[in-house]
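The values are calculated or read from the model by the stated rules, or taken from the named source; none is laboratory data. No experiment lies behind these values; they were computed from the predicted model shown. Using ideal geometry, Cβ is built from the backbone for each residue, glycine included, and neighbour counts are taken over all protein chains shown.
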Amino acid sequence: GESGSGKTTLLTCFNRLLRPDRGRVWSNGEDVSTLDPHRLRRSIGYVPQEGGLLPHWSVLRNAATVPWLLGRPDAEAAARDALDLVGLPASGFGERFPGELSGGQRQRAAFARALAARPDVLLLDEPFGALDAITRAEQQEAFGALRRRLQVAALLVTHDLREAFLLADRIAVFRAGRIEQEASAPVLAAQPATPYVATLLHSAGLDA
């Protein structure tokens, strides 16, 4: 959806940064409004826009944030495993700071932080939006492979319909706070439900 359509607003309802005026949000069969917000957020991997790494912490310490907050004695080991998963081994990158990384490396470090506690769900808010075209394509491919390998559910916000077609099993098209259509990429391309969806597909060159 376009900017201001409600994508990020909905995303932040999942981890209770916002409370919906109406309706309910369910995760793993539970109404999130009934859960402790701190416990909920620590059970969900979250990659905000620009990655959200703390600039004064090392890459390893950033990656260990959630396991450490959960009181896990293996927080550092979990962070090292996550950094290995995303291709940033701690032996080479763990003691660096975010400002010493390239854009693609910072994004990988943000994914490592989100994955270190092995969450059931990942929330991603335009995670590739700030990257140049070549790096964005590389990170999209790497993320798709990683998600398939880990079999983790992901809710990804993007304004890029091509990115959604590349990465998503299901796509929800937003407009003015409402879902215009929710479907798989092939169904969306072949059977746009509204004129807005048809126009969006045509502008991206994705119409059937």
Test result for Ala110, crowded, with 21+ Cβ neighbours inside 10 Å, assigned to a helix (DSSP H, G or I) and more than 15 Å from the chain's Cα centre (by Cα): no
When the residues of segment 29-40 are filtered to those that are hydrophobic (A, V, I, L, M, F, W, C) and outside any loop (DSSP other than H, G, I, E, B), which remaining residue is modelled with the highest pLDDT? Val32
Please give the helices (runs of 4 or more DSSP H) falling wholly within segment 41-85 in which 3 or more residues are within 23 Å of Phe128 (Cβ to Cβ). 59-63, 75-85
Check whether at least one residue in segment 125-142 is in a strand (DSSP E or B), in contact (Cβ under 8 Å) with a residue 12 or more places away in the chain and crowded, with 19+ Cβ neighbours inside 10 Å, and report yes or no. yes
Residues satisfying the stated conditions in segment 7-39, i.e. under 28 Å from Ala176 (Cα atoms) and among the aliphatic types (A, V, I, L, M): Leu10, Leu11, Leu17, Leu18, Val25, Val32
With the checklist (1) closer than 23 Å to Leu88 by Cβ; (2) of a type in the set (S, T, N, Q); (3) at pLDDT 90 or above in hand, flag the one item Gln181 doesn't pass. (1)
Per the filter on segment 182-196, residues surrounded by 16 or more Cβ atoms within 10 Å (Cβ to Cβ) and over 18 Å from Leu166 (Cβ atoms) are Pro192, Tyr196
Report the residue count in segment 165-196 for those that are in contact with a Lys or Arg (Cβ under 9 Å, 6 or more places away or on another chain), farther than 27 Å from Gln139 by Cβ and either assigned to a strand (DSSP E or B) or of a type outside the set (Phe, Trp, Tyr) (or both). 1
Any residue at all in segment 156-164 that is of a type in the set (Ser, Thr, Tyr), modelled with pLDDT of 90 or more, under 22 Å from the mean Cα position of the chain (by Cα) and in a loop (DSSP other than H, G, I, E, B)? yes
Does Trp26 meet the test of being at pLDDT 90 or above and out of contact with any His (no Cβ under 8 Å at 6 or more places or on another chain)? no
Looking at Gly94, Gly99, can you tell me which residue is touching a residue at least 24 places away in the same chain (Cβ under 8 Å), surrounded by 17 or more Cβ atoms within 10 Å (Cβ to Cβ) and out of contact with any Gly (no Cβ under 7 Å at 6 or more places or on another chain)? Gly94
